[in-house]
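Read through the structure below, which is laid out as structure tokens, and then see the notes.
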């Protein structure tokens with residue numbers, strides 16, 4: 001499926017920002033050049049029983065071709081969407097490339113999502129098949145995804161990896177046990193350039209917490225990887241350690257594609273502790289670690305040798321970083337992945353206004369362009385700030401089609417000129433665009449933006465609660481946690497345990513669960529009725 005206009009695609013190719021190479025072709029080039037070199041490997045304790053592997057480029061390509069043949073044989077056709085519900089691991093990379101080889105589109109299903117959240121993604125992204133682990137972090141993920149499929153008519157297949165799989169799943173380990181029997185991978189007939197077709201769906205949320213599907217083509221993903229490579233200053237093959245979801249934009253473009261373009265390889269680690277992550281860095285001899293921005297400084301303090309970092313963050317108040325060798329991968333809430341090297345002191349740099357050329361050279365291709373759509377002030381005057389718009393070779397420029405079921409979902413906002421509407425408020429200061437927040441009120445929890453208004457309404461439905469409001473609580477290296485203030489009904493004294501049990505019945509997401517609860521006589525509000533959340537935080541820590 002091609003979503004980018006033919007005119008824009010031709011412009012990007014002519015400038016050199018796109019080169020019409022697919023991710024599968026990039027892997028094949030590495031397999032031809034260094035077939036016995038490591039392509040993907042697992043390091044550290046695995047989150048899925050029995051799942052730990054190391055694949056050379058030759059072995060990886062052989063498994064990818066066999067699995068792509070299997071996907072085509074069972075009836076998965078080009079442009080169908082495969083949801084990947086796995087932690088970071090080498091086998092997930094094999095599955096991802098096999099899907100792309102078969103012409104499928106991949107979509108990440110975060111492992112912390114609840115059944116209702118996965119079902120919402122299936123609907124919004126038109127997912128037709130899923131792959132999961134038998135267990136993930138001792139949780140019955142295989143049973144969860146199987147139950148989702150049983151309740152969702154759209155799902156045709158549920159594949160799984162790992163030991164001890166429950167009944168009803170297709171074991172990919174058994175499928176791959178006899179590669180020769182799987183035959184040759186399919187020849188996928190494509191309209192136009194294969195690299196113009198959508199390869200990945202990123203997941204974002206609107207300020208109102210609606211799920212937003214963001215499509216990326218092969219060309220866009222490799223433009224991000226090239227920009228990342230230039231910003232990092234990588235000049236030779238590197239070992240990149242990725243802690244991100246294997247089908248996320250940060251993993252596919254920021255880790256896998258970046259490593260392959262450099263001629264290096266990717267090690268995967270499912271980090272559950274700083275100590276374990278530090279051990280993984282040393283075990284694999286990582287040159288660069290791709291991880292959430294809040295973990296960069298704590299991890300750097302535990303490592304005695306120079307290691308480079310690519311810090312994945314939303315771009316709203318960046319966390320501190322080591323003095324050197326840190327590049328921000330700005331997701332802007334999951335909408336994009338903009339590589340931006342920090343300054344010599346480790347400080348974050350705001351986006352420049354206008355076109356950004358690869359390597360900062362005016363003669364180089366434009367990676368992206370940033371500008372502000374000014375909002376009208378009083379009597380039609382233009383205000384100083386406005387909405388941040390992004391365009392260019394590395395930026396998604398068209399929405400994913402609405403679900404065929406006819407149910408409406410949030411659609412990506414794109415102007416007629418192909419500029420992405422980010423929903424972020426920004427101001428221009430000394431030629432740079434400073435993000436000042438979101439156009440709608442949000443709270444950032446673990447790098448994900450949540451709607452406080454939605455959460456206020458959720459907790460106000462509790463039978464013992466008269467009124468409620470959430471607020472962010474600082475939680476050290478893990479970022480913000482959720483605090484909750486409630487006005488109890490007369491004679492009621494709801495506890496945090498009561499609320500958490502109640503949330504299970506409401507099928508609330510894991511990030512919706514508060515870490516602290518306090519009772520108040522009233523919720524402080526401004527004259528317009530908006531909640532004074534800072535006042536709640538100050539009352540909580542007083």
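Readers should treat all values here as calculations from the given coordinates under stated rules, not as data from a laboratory. From a predicted model like this one, the values you see are computed outputs, not experimental measurements. Neighbour counts run over all protein chains shown; Cβ positions are idealised from the backbone, glycine included.
Return the percentage of antiparallel bridges among DSSP beta bridges fully within segment 443-541, rounded to the nearest 5 %.
Bridges in segment 443-541 are about 75 percent antiparallel.
Counting DSSP beta bridges with both partners in the chain, what percentage is antiparallel, nearest 5?
The antiparallel fraction comes to roughly 55 percent.
Highest mean first, what order results for 234-242, 357-365 on Cβ atoms within 10 Å? Show your work: numbers first, answer last.
Working: 234-242: 19.9, 357-365: 14.3.
So the peptides 234-242, 357-365, ranked by packing, come out 234-242, 357-365.
Computed over the Cα atoms of segment 91-141, what is the ratio Rg over Rh, Rh following Kirkwood? Write out the running numbers ahead of the final one.
Details: Rg = 11.8 Å, Rh = 12.1 Å.
For segment 91-141, the value is 0.98.
Got a sec? Which residues in segment 144-173 would a label at residue 507 touch, if it sits 7 Å along Cα→Cβ and we count backbone N under 19 Å?
Output list for this probe position: 144-156.
Sorting check: for 158-168, 493-503, which peptide has the highest mean count of neighbouring beta carbons within 10 Å, and how do the rest follow?
158-168, 493-503
Ranked highest first by the average count of other Cβ atoms within 10 Å around their residues, in what order do 141-153, 58-70, 176-188 fall? Could the numbers behind the result be given before it?
Details: 141-153: 18.7, 58-70: 21.8, 176-188: 13.6.
So the order, starting with the most tightly packed, is 58-70, 141-153, 176-188.
Once every DSSP H run of n ≥ 4 in the chain is given -39500 (n - 2.57) and the sum is divided by its residues, what mean residue ellipticity at 222 nm do you get, rounded to the nearest 500 deg cm²/dmol?
Result for the chain, helices only: -7500 deg cm²/dmol.
Using a Förster distance of 22 angstrom, determine the FRET efficiency expected from the C-beta separation of residue 170 and residue 77, and round it to 0.05.
Efficiency computed from Cβ-Cβ geometry: 0.80.
For segment 6-341, what's the relative contact order in percent, using C-alpha pairs closer than 8 Å and at least 6 residues apart?
On the way: 713 pairs, mean separation 59.7, N = 336.
RCO, segment 6-341: 18 percent.
Could you work out how far apart the two model spin labels at residue 272 and residue 33 are, taking each label as a point 7 Å from the Cα in the direction of the beta carbon, and quote it in nm?
3.7 nm
Considering the values [x] 1.37; [y] 1.04; [z] 0.96, which represents Cα Rg over 2.2 N^0.38 Å as calculated for the structure under consideration?
Only one listed value fits the structure, namely [z].
Over segment 443-541, with a single point scatterer placed on each C-alpha, what log10 of the ratio I(q)/I(0) does the Debye formula yield at q = 0.12, 0.17, 0.18 1/Å?
For segment 443-541, the Cα-only Debye profile gives -0.35, -0.72, -0.81.
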